[in-house]
Structures are given as structure tokens and as C-alpha cells.
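Working notes for the structure below.
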Amino acid sequence: MFLWGAATAAYQIEGAVSAGGRGPSVWDTFSHEPGRVRDGHTGDTACDHYHRWPEDVGLLAGLGVDSYRFSIAWPRVQPGGSGPANPAGLDFYDRLTDALLAEGIVPAATLFHWDLPQPLQDAGGWLSRDTAHRFADYTALVADRLADRIPMWITLNEPFVHMAFGYATGVHAPGQVLLTGALPAAHHQLLGHGLATAALRARGAERVLITNNCTPVRPASADPADLAAADAYDVLHNRLFNDPVLLGTYPGLDAYGAALDCVRDGDLELISAPLDGLGVNYYNPTRIAAPDAEAAALGLPFTDAGITGHPVTAFGWPVVPDGLHELLTGLKARYGDALPPVYVTENGCSQPDEPGPDGTVDDRERIAYLDGHIAAMERAAAEGVDVRGYYVWSLLDNFEWAEGYHQRFGLVHVDFATQRRTPKASYHWFREHIVRRRARR
Ligand code: PNW
């Protein structure tokens, strides 16, 4: 059955950062450092989902989704990042899981959506190989409690974005600016994925996936220098994370003058263990040109030339629905039979939505965005890509990382002063869309 769903992540919605014995994560530390997040926003309260989850499950039920993708906060389960489980942390996800199941909603749990326990960061974070083993231990604790009821598991969310923003450019937690020095964070996250996959399998998990943020890369011109730059970018953003998982090999990093010296014998076997699906998050394509002076000074073999001639979201991200078709068919072309079923685990857009005088939110740009992207996905499916699910990012307006509460991605408006939730026009549209698609089957 095709899964229509909505997605969130723990630090972006839960708040209650010290409730139930939760420990600090890198995002607590980072968001409290001056100048890191726009206007000093933090996830301290966010959508207060930790307390308001019954209302949010009600919103999911009203939306009529087949599945809900949420993430489990490692610092709730293991406040210090290692050792025995904190029962109160697991209890929270246990209640949520049962409430979803009672509504007939398939829980899809992401185990790591960037909220590393701070003590593990203090020991090196994902630059340290040990973190991969800690992640497997944490995964085992969660699966011991929940693998009997959660059928769908996503080990990591977007290891590329976490490596690139967290460790290379520093715009996300933990805020390190290491450029190519960030590469071990790619391998150690992927090793963590492999070890966690084994832990999940050993506990009978039904479906195991990884979610990669993928972008179709378009060269700025047919000039060989632009083509080479586009290839180098594709290596970094897409193939560095998809190839080891699906093919058991890393792409060459010569264009970066770098090598993954931290890979040990046996790692790639773990990382390439068969999966039940590839989660793909798609927002926009990328247009790449040969490095300009600034990029060259940083040792980067490409420049982001920007996509022009398309509408943009409130974030300034170009709206290119065809890019999702290009991405999905491109994955099929590259990986062939090695490509497992694909789940679009995030797709959506930010708009400056505010309720009008009548209290409704008329987010017609979001409806157009979702409609266009779903159509592009369905064209790829008709051409033979095995797509099994589509999750809107996001159920709720939430803490949008470095942008704080300034970017609203929700199907449901959240007034952060009162925590009042207002379903937007797109919520009603998506509900009807799901009904129409079910009728077609
Ligand atoms: C994803 N980019 O992050 C995350 O999984 C979500 O937590 C986040 O809220 C959502 O997309 C919207 O940003 C991304 O710049 C962050 O290419 C940045 C990029 C892509 C995805």
C-alpha cells in the first residue's frame, strides 16, 4: 500500500527540553549560543508537542494520513548518550506509538534527526568512530521497547546536511567549520547506520531505511569545467551517501583533494546491508558551475550558480517540481536493481502564512507546490520507479533550525505565543488528495 504521510522531527516540535529526564543535545547548546540562530530562537518550547501530542495525533487523524514520520530524541532515551535507557524517555514514544496505532496510522520513526547528546559531542561527536557504536547501542534500547509496534525505521535523517552544515560550514549544530575536515562525519554516520541496521534486524524490525537529502545536479553550461564541477558536487551531496549504502563503495574524492582514511575493513559491508527502502528528501535541484575565486580559496571544486527563472519559497528556495521526477528517474538510472523501493520522506515549502481576518490560512502556493511535486513523483512512478510513500514536510510549523521560527513549513499553522494550531488550506487540500488517491486504487 502506498503511504501518504506527514513528517516532523523531535527538536523541531517537542520543546520540554528538561522534562522526563531529557539531557542536552548539540542543538540545545548551539541554539543558546548568541548569533547562531536567527533572533536567538531556541527549541526550548517549540510546538510543545511533548505535552500536546494527543492534540497533534488528532490533527494527523483528521488529515487522514496512512503514516506519520517523527523522530526519537536520543537525549530523551539516553540523556548522557550512553548507558541504560531512561524509562521516562521511552515511555513518551511508547504512548505516541500506541496512540498512532489506535488511529490506524503507521508510525515511521527516525532514530537520528541531528540532536546528538551533548556529552557525545564533547567526546568528538560524529568525527569520532565511537559515536557510531553509541548510536547502535541507543538504537538497540529503542528497538527493544518499540520494534514490536513500529514497523518502519529510518536510521539517519540527511547525513549530508548534518555533515555539511554541522561540521563543514558550521551553520547548524555543532557549529564546526572544518570544510573537508568534516568528511569523517560522513563515514561515521554511515557506519552508525550500518551498525543500527544490524541492531534493528536482530530485533525483528520490519522495514529499515535511511533518509538521504538528494538534489539533482544541473551543470550551469556544457563547458567541461562546469561539467566537472557538477560531477564533483554530485559526488559530495548525493553519491557520498547513496553509493556506500546501495553499492558498497565510496565515490572518489580526488576533486576535493581528500580521502576517507577513516574507513576500516568490514565497514562497507555493514553500511551496504540490504535495506527495505531508500528515504529521499527533496526540496530543489542545484545548478553548479566551475569554482569562482571564493570557492577556489576555500578549496572547493564548485560554485552554486543558483537556479533562476522559477518562483521561490519564503526561504528563497526555487520551486522546481520537475526536479523530483529528474531525481527519482536519475536514482533508478544510476542504481538500477540495487535501488530499493523509494519513499519520499520529506517534501514541502515554507511560506509566510498567517491566519486572515476569518481565521483561515490561505496557503495556495503550498497547495500548488505539493500538487506539482506529487504529479512529478507519479510521473516517475509511471516510468518504473518503485515509489511507496510521500510525506509532507511538515505537519506543523516548527523550529526551522538556523532560521528559528521564521520559516513556516506546516500544513498546520502554529501560533507560538499561544500554541494554538490552525489547519491551513493545504491541510484540507492534502486530506482530500489522499481520499481521491484511495478512490483511484
Ligand atoms: C531538511 N538545504 O533539512 C530537514 O530534514 C528538516 O528538518 C528541515 O526542517 C527541512 O529540510 C526544511 O529545511 C534541510 O539547504 C536543510 O539544502 C537544508 C537543506 C535541505 C534540507
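What to note about this one:
- Between Y405, Y391, the distinction of being aromatic (F, W, Y) and open to solvent by 20 Å² or more (accessible area, probe 1.4 Å) belongs to Y405 only.
- Taken together, the residues in the stretch 130-181 that are more than 16 Å from the ligand (Cβ to nearest atom), open to solvent by 10 Å² or more (accessible area, probe 1.4 Å) and on the phi < 0 side of the Ramachandran plot amount to 18.
- Verdict on T197 being away from the ligand (no atom under 16 Å from the Cβ), polar (S, T, N, Q) and open to solvent by less than 10 Å² (accessible area, probe 1.4 Å): yes
- G410 meets each of the listed conditions (1) within 12 Å of the ligand (Cβ to nearest atom); (2) open to solvent by 10 Å² or more (accessible area, probe 1.4 Å) apart from (2).
- Taking (1) open to solvent by less than 10 Å² (accessible area, probe 1.4 Å); (2) in a loop (DSSP other than H, G, I, E, B) in turn, A380 satisfies each apart from (2).
- Of all the numbered requirements in (1) farther than 16 Å from P75 by Cα; (2) within 16 Å of the ligand (Cβ to nearest atom), L127 misses one, and that requirement is (2).
- Selection within the stretch 17-36 - more than 28 Å from Y93 (Cα to Cα) and surrounded by 14 or more Cβ atoms within 10 Å (Cβ to Cβ): R36
- Condition met for G204 (surrounded by 20 or more Cβ atoms within 10 Å (Cβ to Cβ) and of a type outside the set (S, T, Y)): no
- Every residue from the stretch 133-149 that is touching an Asp or Glu at 6+ places or on another chain (Cβ under 9 Å) and farther than 15 Å from G89 by Cβ: A147, R149
- Within the stretch 415-429, being surrounded by 24 or more Cβ atoms within 10 Å (Cβ to Cβ) and either at pLDDT below 95 or of a type outside the set (S, T, Y) (or both) holds for one residue alone: K424.
- Summed over the stretch 110-120, residues that are crowded, with 24+ Cβ neighbours inside 10 Å and more than 16 Å from the ligand (Cβ to nearest atom) total 2.
- The residues in the stretch 330-374 that are in a helix (DSSP H, G or I), buried (at least 18 other Cβ atoms within 10 Å of the Cβ) and among the hydroxyl-bearing types (S, T, Y) can be counted, and the count is 1.
- Put simply, of R207, R264 the only residue that is more than 16 Å from the ligand (Cβ to nearest atom), in contact with an Asp or Glu (Cβ under 6 Å, 6 or more places away or on another chain) and within 28 Å of A140 (Cα to Cα) is R207.
- Applying the criterion of being closer than 30 Å to R201 by Cβ and open to solvent by less than 20 Å² (accessible area, probe 1.4 Å) to the residues of the stretch 267-318, the residue that is farthest from the ligand (Cβ to nearest atom) is D267.
- Within the stretch 366-396, considering residues that are of a type outside the set (A, V, I, L, M, F, W, C) and more than 16 Å from the ligand (Cβ to nearest atom), the one nearest to A46 (Cα to Cα): D371
The values are calculated or read from the model by the stated rules, or taken from the named source; none is laboratory data. All values reported here derive from a predicted model rather than from experimental measurement. Here the Cβ is made from the backbone with ideal geometry for all residues, glycine too, and neighbour counts use every protein chain on show. Ligands, DNA and RNA are excluded from the accessible area calculation, which covers all protein heavy atoms including side chains. Shrake-Rupley method; radii C 1.70, N 1.55, O 1.52, S 1.80 Å.
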